[in-house]
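Novice: Can you read through this structure? Questions will come right after.
None of the figures in this text is laboratory data; all of them are computed from the coordinates on show. Just so it is clear, the model here is predicted, and its values are computed rather than measured. Because the Cβ atoms are built from the backbone with ideal geometry, glycine has one as well, and the counts that use them run over all protein chains shown.
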Amino acid sequence: MTPPERMQKGTPHPAPSLVPADETLGSLPKAELHMHLDGSLRPGTMLELAEQRGVAMPASDPEALGAHMVVDQAASLEEYLERFAITLSVMQDAEAVRRIARECVLDHAEEGVRYVEVRFCPLLNTEGGLSSDQVLDAALEGIRAGEAQAASFGRPILANLIVCALRSHPSSQTLEMAELAVAYRDRGVCGFDLAGPEAGHPVADHVEAFDLAARSGLPITIHAGEGDGAESIRQALVLGHAMRIGHGTRLFEDPALMEEVRRRGVPLEVCLTSNTQTRVVSSHAAHPLLGYVRSGIRVVLGTDNRLMSGVSLTDEYRHARDDLRLTRDEIFRIARAGFEHAFLDEPTRAELLTGFDASVERLL
């Protein structure tokens, strides 16, 4: 096993001319491939929705609520996930889901994100009487409204949805979410995911759903190697037909698997701040991202949860630069990989990559 600190030992500081400035990171076109809708609400919106719906919140002003929702001291992934009960309490009707999805797209557009995949589990939004179809319809209406509003502000962005199932749910519900995702494939759903508590809830328990998604040609990404070890990543690839791995932080525990991931070009959706909060790594600087990049493994950066992690995507690029000493070229390569590995049709991908390359030329 190769610990992260050994993978990164002796890494030199890049020359100042090869380090992108804050302005460059802000202007860099970005793709966000790993973020959860129910972990990325605006605190002010939460308070407004809560007041309208008679829901109690743990704080009464946006700043205090935002501070409360950031998870700094979680002992595990499971403890980190407990905050979602608060956000979900105001996400049980179509109007709320539409608004939150619209604002999510706008928040990404504001920081130069050109493409975002918004993931969530519609089953968690049905306590107020909505069906999963109605929840998904509301979210799709919200992201399309966000696209239109962002375009009117001169901030073009494209958004799609990823339907999540939860590892801790019965396999019948995972299959239900896979069927829903497949049914909406041509209506704005671009992929299928398995999230939630990882340890003790293997992909092997949900194989039928992943077989269905794979047969239907629906792209698959699976959370793995965050709350459990490298074997969880192997199951995601072999049994879950995963085209991308959510987090993949503990891949270094299996060098042979690490080489297979490199050879196959399977990207890791890396969420630096979230991984420190769930205690998968001790700090940004201790994250194995740098070792993965310099071993030839494809990686993309994501926020995971903008609210719970208290970060923007640009913040995560700053952490990669400042704490992991990635060079300008490495950061640009990671940003480009976000578009290369997006769950998009080839013409749309090509158009976004052309725009990305032109922007980078101007930034050099």
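Novice: Looking only at the chain, where both bridge partners belong to it, what percent of the DSSP beta bridges are antiparallel (to the nearest 5)?
Specialist: If we restrict to bridges inside the chain, about 0 percent are antiparallel.
Novice: Still on this model: As a test of the formula, what do you get for the chain when each DSSP H run with n ≥ 4 contributes -39,500 (n - 2.57) and the sum is divided by the residue count, at 222 nm and rounded to the nearest 500 deg cm²/dmol?
Specialist: -14000 deg cm²/dmol
Novice: Now, a different point. Along region 106-118, what does the Karplus equation 6.51 cos²θ - 1.76 cosθ + 1.60 (θ = phi - 60°) give for ³J(HN,Hα), rounded to whole Hz, x for Gly and Pro?
Specialist: Coupling constants for region 106-118: 4, 5, 5, 4, 4, 9, x, 6, 9, 8, 9, 10, 9 Hz.
Novice: How large is ³J(HN,Hα) for each residue in region 61-68, as worked out from phi by the Karplus curve 6.51 cos²θ - 1.76 cosθ + 1.60 (θ = phi - 60°), to whole Hz, x for Gly and Pro?
Specialist: Ordered by residue, 3J(HN,Hα) equals 10, x, 5, 5, 5, x, 5, 5 Hz.
Novice: Given 25 °C and 0.890 mPa s, compute D for region 70-201 with the Stokes-Einstein relation, Rh being the Kirkwood radius over Cα pairs; round to the nearest whole µm²/s. Write down the numbers at each step before the final one.
Specialist: Details: Rh = 15.5 Å.
My calculation gives 158 µm²/s for D.
Novice: What is the gain in length, in nm to one decimal, between Glu208 and Ala21 on full extension, counting 0.36 nm per residue of separation less the C-alpha to C-alpha distance?
Specialist: 62.6 nm
Novice: Also, quick follow-up: Hey, if you put +1 on the Cβ of every Lys and Arg and -1 on every Asp and Glu Cβ in the chain, which of Phe356, Ala181, Ala242 ends up farthest toward the positive end of that dipole?
Specialist: Phe356
Novice: I've got another one for you. Using only the Cα atoms of region 27-118, what are the Rg and Dmax in Å?
Specialist: 13.9, 41
Novice: Kindly write out, for region 261-273 in residue order, the coupling ³J(HN,Hα) from the Karplus curve 6.51 cos²θ - 1.76 cosθ + 1.60 (θ = phi - 60°), rounded to whole Hz, with x marking Gly and Pro.
Specialist: 3J(HN,Hα) across region 261-273, in whole Hz: 4, 4, 5, 7, x, 6, x, 9, 8, 8, 10, 4, 5.
Novice: Under the definition of Cα pairs under 8 Å and six or more residues apart, what whole-number percent is the relative contact order of region 30-363?
Specialist: Numbers: 630 pairs, mean separation 61.1, N = 334.
Once divided by the residue count of region 30-363, the mean separation gives 18 percent.
Novice: In Å and from the alpha-carbon atoms only, list the Rg and Dmax of the chain.
Specialist: 19.2, 57
Novice: Roughly how large, in nm² to one decimal, is the mean projection of the convex hull of the alpha-carbon atoms in region 80-145? Write out the running numbers ahead of the final one.
Specialist: Values: hull surface 18.7 nm².
The directionally averaged projection comes out at 4.7 nm².
Novice: Same structure again: Using the 10 angstrom Cβ neighbour count as an exposure proxy, how do Phe332, Phe153, Phe192 rank, fewest first?
Specialist: Exposure proxy ranking, most exposed first: Phe153, Phe332, Phe192.
Novice: What Kirkwood hydrodynamic radius do you get for region 233-364 when you take the inverse of the mean 1/r over all pairs of distinct Cα atoms, in Å?
Specialist: 15.4
Novice: A further question follows. Quote to one decimal, in nm, the extra length available between Glu82 and Arg325 on full extension: 0.36 nm per residue of separation minus the C-alpha distance between them.
Specialist: Length difference between fully extended and current span is 84.2 nm.
Novice: By how many nm would the segment from Ser216 to Glu48 lengthen if fully extended, with 0.36 nm per residue of separation less the alpha-carbon distance?
Specialist: Between Ser216 and Glu48, full extension yields 56.5 nm more.
Novice: Here is a follow-up. When you take every Cα atom in region 128-257, what is the radius of gyration, and what is Dmax, the widest Cα pair distance, in Å?
Specialist: Rg then Dmax for region 128-257, in Å: 16.1, 49.
Novice: Note down the nm distance, to one decimal, between modelled labels 7 Å out along Cα→Cβ at Ala59 and at Ala151.
Specialist: 3.6
Novice: Using label points projected 7 Å from each Cα along Cα→Cβ, tell me how many nm separate Glu95 and Asp345, to one decimal.
Specialist: 3.6
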